[in-house]
């Protein structure tokens, strides 16, 4: 296999690798959340990630974005896709919302993205969301609902759903949706390492005051160290970088539809790591989700 073939194989595998890495987010939360307040964990994660990226940039002599406008656009997208999205999800879970419900709320992202694209591109010469893609989006959401429905716990734990944590989860949903569309629209292609560093620096500045205001202290142990290490090396350096590349390469609706695969993949990981039960509904939902995503990302015939 020559270099061109290896590059093509890697590009084709990128969505699969992204889903596998991104799906570990709730696994990390399960390990680290009991031992740390959300914003303190995130601000340290951003700081360590920035340090790793800066070393990588220095060794590889990576170019920084050249214009101030690009720095501004990267900062805005970083605040939306790192600080607001991650902060909202982690704060909602810390405030008592179950991971299943928070996954379901954030799972509306592909639908919101498709609705916005259909509205914004109406009457233009740009291709909007096709009927096949709408079908895929609907199938993906039905599959997602089947996977997380068992975790919604409609009994007394529903008392943990409050206006505050619901607002945090919905804010996270809106942030990742707007951030994805904003980055696709305004951020010019540049090196993913320097771009990610600018985004993380903006997220760090926004998150630091919230972390300093938290009364709870971080309780360091093996689980928290492991969660932090994977959050930095896997989720930020790996997952966030792949998301940046995918947004630059693909259409927004196709990229965000990959988010449908995250809860089913997380359910499988939870079964392997924690022995959580996988039901027939989980398997059928996973298959429907995969079918829906394939309909969205399949290239349209010319």
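Read-outs: derived from the displayed coordinates by stated rules, not from any lab. Computed from a predicted model, the values in this text were never measured in an experiment.
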Query raised in the report: So between residue 221 and residue 13, what do we pick up on full extension, going 0.36 nm a residue minus the alpha carbon distance?
Result: 71.4 nm
Query raised in the report: Does the range 6-91 come out rounded, prolate or oblate by the C-alpha gyration tensor, with a ≥ b ≥ c the root eigenvalues, rounded set by a/c under 1.5 and, if not, prolate when a/b is larger than b/c and oblate if not?
Result: oblate
